Amino acid sequence: MRSATVSLILALVSIGSDVRAQDTLPPGTSVRDPKIETILTEVSEPRIRSRIEKLAAFDTRHTLSDTKSDTRGIGAARRWIKSEFDRIAIKSNGRLKVEFDGYVQPPARRVKVETEIVNVVATLPGSKRQAAERIYVVGGHYDSICSDNEDAVTDAPGANDDASGTAVVLELAEIMSAREFDATIVFVAFAGEEQGLYGSTHFADEAKKAGKRIEAMITNDIVGNTDGSGGRHDNRTLRVFSEGLPDPRTAPLAARLRAVGGENDSPSRQLARFVKETTALYTPRFLAKPIFRSDRYLRGGDHMPFLARNMPAIRFTEPSEQFARQHQDVREENGIAFGDVPGKVDFAYVASVARVNAATMATLALAPASPVGATIETRKVENDTTLHWDPVNEADLAGYEVVWRETTAPFWDHVLWVGNLTRATMTELSKDDHHLGVRSVDREGHRSPASFALPPIRSEPKK
Ligand SMILES: [Zn+2]
């Protein structure tokens with residue numbers, strides 16, 4: 001095992017603010033990738049707008065609505081979404097694989113009759129053999145509801161909830177499919193969200209059964225409104241919801257995190273930190289604001305079935321919601337306009353959200369895998385900290401960075417480039433007082449999300 005001892009003088013460098021840190025990094029690190037910058041310039045607000053208007057024009061996309069009409073109901077909507085993906089697939093030289101992913105849901109809560117639940121899925125396979133096994137999923141849900149969740153007939157334009165998220169997914173497919181990424185990206189328009197996360201549950205379940213390696217999932221849900229119910233206007237913030245501790249009933253990792261005060265360090269939380277850093281790098285005037293909980297009160301989303309199956313997953317939502325414009329019949333009452341109509345969507349804001357998604361997905365899919373087996377050595381009591389991890393076996397790997405922060409700090413605020421080693425010692429950096437992690441860096445400077453370092457599974461606490 002190759003290893004290094006690093007004195008704390010060298011190690012005490014802050015992310016992005018210390019020249020010495022830059023000197024030790026491989027070329028290109030901390031610098032925006034021009035390929036990703038070009039992708040961001042291609043995000044089209046008019047295209048996003050026309051797709052949101054088109055989706056709203058199906059009148060209702062209720063999961064139990066008409067499937068035969070070509071102009072109204074969820075059947076017409078999903079055939080149109082597929083036709084958009086199909087058109088994009090031609091531009092990708094056939095690399096983008098488009099399919100309906102459906103099943104028949106027997107009568108259940110909020111689904112009173114047997115109903116076909118159909119996701120629309122487009123997969124862009126990774127171009128590098130090893131990396132292509134890693135899968136990054138970005139989704140939004142295309143179904144909608146009016147005031148009565150079980151009313152499949154009344155108009156439910158669902159422009160913000162969630163044609164906005166669906167339009168983001170189509171836009172990503174549009175601008176990313178013309179290019180190659182090391183890892184695999186899957187674009188999904190989910191169905192049945194409003195009836196109980198049926199489409200995403202089916203998708204996550206099938207992925208789990210097939211042993212697919214979903215390294216990250218992002219749901220874009222309600223990403224189009226910038227005027228909150230309380231009158232607050234904000235078009236520069238996106239909330240990033242992430243769980244801190246996985247469900248201990250399904251994730252053995254939860255007990256290990258809890259044992260070392262790692263309640264703030266699930267893989268989903270690392271993903272949220274990664275989104276914040278990536279957004280700051282590529283669109284610094286726009287804020288990806290982490291919220292340290294899995295979702296808003298009384299609400300849920302398509303990331304949850306992934307979390308329940310131990311796959312890192314987070315939710316993107318606008319900063320300040322307008323509740324008169326979600327899940328409401330289109331009407332006017334006492335001078336107040338209700339209903340989720342396209343006229344109230346801020347299309348420029350949706351384009352900004354698409355850029356956050358594009359920078360995130362592109363970096364994830366170009367960067368090497370996060371290191372596996374990040375371990376804090378605990379052979380004796382000492383004030384030095386030694387970490388080791390398994391080598392990442394990817395061709396363009398340049399090396400690794402150790403990151404750390406005080407136990408009370410929310411974000412990684414120290415970083416050290418250690419080179420292509422799998423073991424590093426930080427002298428006089430106490431693991432008792434810090435959280436630490438490791439991330440991979442490729443030769444072009446793309447970084448993976450951090451892997452949180454934990455003591456070995458069988459380490460016995462010293463008295
Ligand atoms: Zn929604």
Does residue 206 satisfy being away from the ligand (no atom under 16 Å from the Cβ) and in contact with a strand residue (DSSP E or B) (Cβ under 6 Å, 6 or more places away or on another chain)? no
Select from the stretch 52-88 the residues that are surrounded by 21 or more Cβ atoms within 10 Å (Cβ to Cβ) and among the basic types (Lys, Arg) and list them in ascending order. 61, 78
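Please list, ordered by residue number, the strands (runs of 3 or more DSSP E) wholly in the stretch 228-339 having 2 or more residues that are assigned by TED's automatic domain parsing to the domain that holds residue 360 and more than 15 Å from the chain's Cα centre (by Cα).
Numbers: elements: 237-241, 287-291, 313-317, 331-333, 336-338.
Counting at least 2 such residues, we get 331-333, 336-338.
Within the stretch 137-182, track down each residue that is of a type in the set (S, T, N, Q) and under 20 Å from residue 346 (Cα atoms). Let's see the steps before the verdict.
Of all residues in the stretch 137-182, those of a type in the set (S, T, N, Q) come to 144, 147, 149, 154, 160, 164, 166, 177.
Of everything in the stretch 137-182, those that are of a type in the set (S, T, N, Q) and under 20 Å from residue 346 (Cα atoms) turn out to be 144, 160, 164, 166.
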Which of the residues that make up the stretch 89-127 are in contact with a strand residue (DSSP E or B) (Cβ under 7 Å, 6 or more places away or on another chain) and of a type in the set (A, V, I, L, M, F, W, C)? 89, 96, 98, 100, 104, 111, 117, 118, 120, 121, 122, 124
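Any residue that is of a type outside the set (D, E, K, R), assigned by TED's automatic domain parsing to the domain that holds residue 40 and closer than 16 Å to residue 86 by Cα - is there at least one of those in the stretch 128-150?
Initial filter on the stretch 128-150 (of a type outside the set (D, E, K, R)): 130-132, 135-142, 144-147, 149.
Now drop any that are not assigned by TED's automatic domain parsing to the domain that holds residue 40, which leaves 130-132, 135-142, 144-147, 149.
After this cut, where a residue has to be closer than 16 Å to residue 86 by Cα as well, the list is none.
Within the stretch 128-150, none of the residues are of a type outside the set (D, E, K, R), assigned by TED's automatic domain parsing to the domain that holds residue 40 and closer than 16 Å to residue 86 by Cα.
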Scan the stretch 122-141 residue by residue and report those that are within 20 Å of residue 314 (Cα to Cα) and in contact with a Gly (Cβ under 9 Å, 6 or more places away or on another chain). 134, 135, 139, 140, 141
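Would you check which residues across the stretch 182-197 are more than 13 Å from the ligand (Cβ to nearest atom) and either touching a Phe, Trp or Tyr at 6+ places or on another chain (Cβ under 9 Å) or not assigned by TED's automatic domain parsing to the domain that holds residue 46 (or both) and list them?
First pass over the stretch 182-197, keeping only residues more than 13 Å from the ligand (Cβ to nearest atom): 182-188.
Residues satisfying the conditions are 183, 184, 185, 186, 187, 188.
Among 401, 394, which is the only one that is among the acidic types (Asp, Glu), outside the structural domain of residue 167 (by TED's automatic domain parsing) and in contact with a Pro (Cβ under 6 Å, 6 or more places away or on another chain)?
394
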Considering the stretch 274-314 alone, what residues qualify as being touching a helix residue (DSSP H, G or I) at 6+ places or on another chain (Cβ under 7 Å) and of a type in the set (Lys, Arg)? 309
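Out of 204, 216, 189, 163, which single residue is within 17 Å of the chain's Cα centre (by Cα), part of a helix (DSSP H, G or I) and in contact (Cβ under 8 Å) with a residue 24 or more places away in the chain?
204
Just to be sure I understand, how many residues within the stretch 333-356 are in contact with a strand residue (DSSP E or B) (Cβ under 7 Å, 6 or more places away or on another chain) and away from the ligand (no atom under 16 Å from the Cβ)?
First pass over the stretch 333-356, keeping only residues in contact with a strand residue (DSSP E or B) (Cβ under 7 Å, 6 or more places away or on another chain): 338-339, 353, 356.
After this cut, where a residue has to be away from the ligand (no atom under 16 Å from the Cβ) as well, the list is 338, 356.
Number satisfying all stated conditions: 2.
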Residue check, residue 236 of a type outside the set (Val, Ile, Thr) and farther than 24 Å from residue 92 by Cβ: yes
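In the stretch 365-387, what residues are β-branched (Val, Ile, Thr) and crowded, with 24+ Cβ neighbours inside 10 Å?
Taking the stretch 365-387 and keeping what is β-branched (Val, Ile, Thr), we get 372, 375-376, 378, 381, 385-386.
Scanning the stretch 365-387 gives a single hit, 385.
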Residues being closer than 30 Å to residue 322 by Cα and charged (D, E, K, R): count how many of those fall in the stretch 111-163. 8
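With the structure loaded, tell me whether residue 164 is at pLDDT below 95, of a type outside the set (Val, Ile, Thr) and within 16 Å of the ligand (Cβ to nearest atom) or whether it fails that test.
Numbers: at pLDDT below 95: no; of a type outside the set (Val, Ile, Thr): yes; within 16 Å of the ligand (Cβ to nearest atom): yes.
So residue 164 does not fit the description; no.
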Can you tell me how many residues within the stretch 219-232 are surrounded by fewer than 22 Cβ atoms within 10 Å (Cβ to Cβ) and in contact (Cβ under 8 Å) with a residue 24 or more places away in the chain? 6
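The values are calculated or read from the model by the stated rules, or taken from the named source; none is laboratory data. In this text, all values refer to a predicted model and were calculated from it rather than measured experimentally. Cβ coordinates were reconstructed from backbone atoms using ideal geometry, including for glycine residues, and neighbour counts include every protein chain displayed.
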